[in-house]
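Scroll down for the structure; my scribbles are underneath it.
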Amino acid sequence: MAEKQDIEYKSNWHKQYLKWICGFANAQGGTIFIGKNDVGETIGVNNYKKLMDDIPNQIQNTLGITTEVNLLKEDDKHFIEINVQPYSVPISLRGKYYYRSGSTKQELKGTALNEFLLKKSGKTWDEVIEPRATIKDIDEKTLKSFVESSKDKGRLPDTSGLSVSEILEKLRLTENGEITRAAIILFGKDPRKFYPNSFVKIGRFKNDTDIQFQEVEEGNLIALIRAVINQLNHKFLIHNIHFEGIYRVEKGEYPGPAIREMILNALIHRNYFGAPVQLRVYDDKISIWNDGELPNGITLESLKQPHSSKPRNPIIADVCFKCGLIEAWGRGTIEIIEKCKQAGLPEPKLEERDGGFLVTLFKNQFNEENLSKLGLNERQIKLFKKYKSGDAITPSEYAETHHITVRTARRDLIDLVEKQLLYKKGKKKSTKYYIR
């Protein structure tokens, strides 16, 4: 059996393996086998009697915890099993904290250590009191506008006739009259005064290294959502204009709800002690990155289907839910994917990158302008007007639609495969061609 999340194999005992025990205790627990090789084969230990005394004592004396240490035998070879239970309090080894993530041991430092200690104490970053802030740091106008616009959602507690302090208390944004970090992020006059990286960088890129121009938007979360979307629409994104009768209609390159949702996700779930949110606009895609990896138990695949909500900043997320900025917890990424598919765009890409989370939306590569540049004939272009990404077509269907022979249809479709616009599945009469 190979090493995994909760299993570690060691050929012999060394004191440095106390780091692994510390990591297991701080995570979900685990087992270390002494006397097994990397693939779990028993090679045995000769000094097992001494180790059965030394290991429990070293764990107790250096980590202050107890573990179950068992002596086992296989094929006349002795090996030791150390079962480590997860601890609800943080465990340190000589002042350093380790954590088991996947099959690796990590030393926690900086913001990662801060988040870990907060979690073990039963708190989240956004519910901590900001001792430098007072009620004067809250933008009263933004707060009251938020309350007014939220009334029709029916999720806010009754705030009629309440003062700013009382409204904040109702929203769980104060504790014993003191302002929390969430209050500053949501309604602060100048969040950067307290958290310097609480802004959004927007850049227009020709490629990953060639930036053409950029803007910075700052302010509280409520104001940032509107400001970032306005900046994108004003300067960064193209709106195709057409007329329906006498009415002027503008259609964006990407579905508005998907853009709004990806910005909201980044602002609500970001690590506010980390780097600023970064939004990149390219000719063929738009991406947004926020500092902070996915929570334990949430995978990239689970984000594409209904999943449990584990917000990094639950107080901020709750206030956004109450005002209707988000409609349901755990549906943000699903909403982004669904809106793009409805607009005929490729499926968005979700990634964990550089210690954070990246969402990328892609333009419709099958618009008539792009297809004409690739030298497609009129029949081939019509194919992409009729079908969307993931749809399938057979040569006979294509031939019937365009009143051509099946042989000509195959030639058209094979040409599209060679141009990497379609991919082929099946053989002979069962062959189907799929839109990428």
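Summary table
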quantity: Some residue of region 67-84 being at positive phi, assigned to a loop (DSSP other than H, G, I, E, B) and not aromatic (Phe, Trp, Tyr); calculated: yes
quantity: Test: residue in region 124-135 that is loosely packed, with under 13 Cβ neighbours inside 10 Å and either outside the structural domain of residue 169 (by TED's automatic domain parsing) or in a helix (DSSP H, G or I) (or both); calculated: no
quantity: Neighbours by Cβ (under 7 Å, 6+ apart or cross-chain): first from region 178-198, touching a residue at least 60 places away in the same chain (Cβ under 8 Å); second of a type in the set (Phe, Trp, Tyr) and part of a loop (DSSP other than H, G, I, E, B); calculated: 185/272; 195/272; 198/272
quantity: Residue pairs meeting the criteria (Cβ under 7 Å; at least 6 apart or on separate chains; first without any contact (Cβ under 8 Å) to a residue 24 or more places away in the chain and surrounded by 10 or more Cβ atoms within 10 Å (Cβ to Cβ), in region 207-220; second among the small types (Gly, Ala, Ser) and not in a strand (DSSP E or B)); calculated: 217/227
quantity: Residues (in a loop (DSSP other than H, G, I, E, B) and either surrounded by 21 or more Cβ atoms within 10 Å (Cβ to Cβ) or basic (Lys, Arg) (or both)) located in region 324-337; calculated: 325, 326, 331
quantity: Residue 293 being within 16 Å of the chain's Cα centre (by Cα), under 19 Å from residue 229 (Cβ atoms), touching a residue at least 60 places away in the same chain (Cβ under 8 Å) and surrounded by fewer than 21 Cβ atoms within 10 Å (Cβ to Cβ); calculated: no
quantity: Residues that are modelled with pLDDT of 90 or more, not aliphatic (A, V, I, L, M) and not in a loop (DSSP other than H, G, I, E, B), drawn from region 286-316; calculated: 287, 289, 290, 291, 314
quantity: Flag if residue 61 is in contact (Cβ under 8 Å) with a residue 12 or more places away in the chain and out of contact with any helix residue (DSSP H, G or I) (no Cβ under 7 Å at 6 or more places or on another chain); calculated: no
quantity: Single residue of 353, 379, 331 found to be outside the structural domain of residue 153 (by TED's automatic domain parsing) and of a type in the set (Lys, Arg); calculated: 379
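The values are calculated or read from the model by the stated rules, or taken from the named source; none is laboratory data. Keep in mind the model is a prediction, meaning the values are calculated, not measured. No Cβ is skipped: glycine too gets one built from the backbone with ideal geometry, and neighbour counts run over all protein chains shown.
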